[in-house]
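The values are calculated or read from the model by the stated rules, or taken from the named source; none is laboratory data. No experiment lies behind these values; they were computed from the predicted model shown. Counting neighbours? That spans all protein chains shown, and the Cβs are built from the backbone with ideal geometry, glycine included.
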Amino acid sequence: MVAPSGGTQTSIFDRIVCGIDGTPESLFAVKQAKRLQHPEGSLLLVAAMDLTKSAHAGMAARHAAGLMQDDAEQAMAEANELVPAEGKIVNGDPATVLLNEAEQATLLAVGSHGRRRTVGLLLGTVATRMLHEAPCPVLIARPARDPDTWPQTIVAGVDGSTESELAVATARAVASSCRAELRIVSATGDQVDLDAARRIAPELEERDGRALDVLVSEAEKADLVLVGSRGLQGLKTLGSASERIAHQASCSVLVVRGAVHG
């Protein structure tokens, strides 16, 4: 991962896990994950099929399981046609499968299926669970203006916390690697440590308003938004700005978490 100060910075991620399910959204995630991958790093494509659901088909359970296998293999073939990479088809609940595969990953990428956060909480969508429980940064991928040059414009949010410092360090590394424009913003309507934020980013742009509103607005003109995560789980995540931004932004969002090295 990236060190915010004093440590060695890695420009891109070296162990990426990307969930695929045959949807266009998951293919966006595959393409963007490849763009963020270290040249000598690995990209693992994971397709999950929950065969327990085939039992509901009764006498046709075996046929239903076969169809699920076929769908998973087709999804893998489509993803590999787009980006040649190691692939793995795993039996199990998709979210649980991805969380297990991401234990040693430096990035977990999934597509956004356009659901708002409140719906995600009710339905237990894969993206929502990743944001709650993944042990590494999470990319929520959305359609790019130009997939081959994504991201061209990056916005990072900073509030002076160590978590936002890590997000800014990651944003700088990604911007350098992808030759993207980087803007760093702080929302003064929330509780922020402006002195610390200015130290983290001397080029800081200060915006009136709450972080959620400011960054969702900035996302309309960006290809990628980066925010830090404080690792909140359970009901506490109802107050997590990073999760809300990830669900509501119109562009891809990278929620950064991990150890901060000084």
Item to complete: Report the residue count in region 72-85 for those that are more than 14 Å from Gly19 (Cβ to Cβ) and among the charged types (D, E, K, R).
Response: 2
Worksheet item: Under the condition of being farther than 11 Å from Val155 by Cα and over 23 Å from the mean Cα position of the chain (by Cα), which residue from region 205-214 is surrounded by the fewest Cβ atoms within 10 Å (Cβ to Cβ)?
Response: Asp208
Discussion item. I'd like to verify a number: residues in region 151-161 that are surrounded by 22 or more Cβ atoms within 10 Å (Cβ to Cβ) and either small (Gly, Ala, Ser) or on the phi > 0 side of the Ramachandran plot (or both), how many?
Written reply: 2
Worksheet item: Which of the residues that make up region 117-131 are modelled with pLDDT of 50 or more, surrounded by fewer than 22 Cβ atoms within 10 Å (Cβ to Cβ) and not hydroxyl-bearing (Ser, Thr, Tyr)?
Response: Arg129
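So which of Ala95, Ala171 ends up being at pLDDT below 95 and either among the hydrophobic types (A, V, I, L, M, F, W, C) or not in a helix (DSSP H, G or I) (or both)?
Exactly one residue qualifies, and that residue is Ala95.
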Practice prompt. Kindly list the number of the only condition in (1) buried (at least 16 other Cβ atoms within 10 Å of the Cβ); (2) at pLDDT 95 or above; (3) farther than 22 Å from Glu133 by Cβ that fails for Glu86.
Written response: (1)
Worksheet item: (1) within 15 Å of Ser252 (Cα to Cα); (2) in a helix (DSSP H, G or I): which one isn't true of Asp146, the others all being true?
Response: (2)
Discussion item. Taking the criterion of being at pLDDT 95 or above, under 21 Å from the mean Cα position of the chain (by Cα), part of a loop (DSSP other than H, G, I, E, B) and surrounded by fewer than 20 Cβ atoms within 10 Å (Cβ to Cβ), would at least one residue in region 182-201 satisfy it?
Written reply: no
Worksheet entry | Residue identified as within 16 Å of Ala241 (Cα to Cα), crowded, with 21+ Cβ neighbours inside 10 Å and among the polar types (S, T, N, Q) among Ser217, Ser164 | Ser164
Worksheet item: Of the residues that make up region 37-47, is at least one at pLDDT below 95 and assigned to a helix (DSSP H, G or I)?
Response: no
